[in-house]
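Every read-out reported here was derived from the displayed coordinates using simple, explicitly stated rules and does not represent laboratory data. These numbers come from a predicted model, not from an experiment. Positions of Cβ are generated from backbone atoms using ideal geometry, with glycine treated the same way; all protein chains shown enter the neighbour counts.
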Amino acid sequence: MGKENIHYFNYMQYNEREKYVEGIKESLICKYELIYKEKYRGSQNMNFTFDKNYITKKQNKISKLIHINDSYKIKSFEAPFQIKADPRLIKIGYDCGFGDMNFLGFGCADYK
């Protein structure tokens, strides 16, 4: 059996940015529905952007490839961000994590 090849959307590639943001939104909605055991019926509008000044300062290098044992290689992004969305979804993000692989500690955010 071969290893499963997973493609992580890259926010830094313009043609994948919309899919990256859509993935965060879908993840937040899924978590909402799991926690509240009801279909999410709020606003689907969401705006998510990483801090452009921070990205420039880091010379566009905000991604990391994290190796977990020999089993997982996970592409992650570390940068300040802004999100505009239903406040209930934003709360879910701060409580449970933004994006995927939260069980491994990914997606943690601090409100400032």
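Figure the gain on full extension for K52 and K73 (residue separation times 0.36 nm, minus the Cα-Cα span) and round it to one decimal in nm. Intermediate results must be reported in sequence, preceding the final value.
Numbers: separation 21, 0.36 × 21 = 7.56 nm, distance 2.61 nm.
That works out to 5.0 nm of additional length.
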Determine the gain in length on full extension of the stretch S43-N15; use 0.36 nm per residue of separation and subtract their C-alpha separation, reporting nm with one decimal.
7.6 nm
Determine the distance separating the Cα centre of the range 15-72 from the Cα centre of the range 80-100; give it in Å without decimals.
9 Å
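What is the local net charge at I62, summed over the other residues whose Cβ is closer than 12 Å to its Cβ (Lys, Arg +1; Asp, Glu -1)? Show your work: numbers first, answer last.
On the way: positive: K52, K57, K58, K61, K64, K75; negative: D51, E78.
Net of charged neighbours comes to +4.
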Output the Cα-based Rg and Dmax of the chain in Å, rounding Rg to one decimal and Dmax to a whole number.
14.8, 46
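Given R₀ = 41 Å, what would the calculated FRET efficiency be for I35 paired with S63, taking r from the Cβ atoms and rounding to 0.05? Could the numbers behind the result be given before it?
Values: r = 29 Å, r/R0 = 0.71.
Taking R0 as 41 Å, the efficiency between I35 and S63 is 0.90.
Which net charge results when you count Lys and Arg as +1 and Asp and Glu as -1 among the other residues whose beta-carbon is under 15 Å from that of P80?
Numbers: positive: K52, K57, K58, K61, K84, K112; negative: D51, E78, D110.
Net local charge, P80 excluded: +3.
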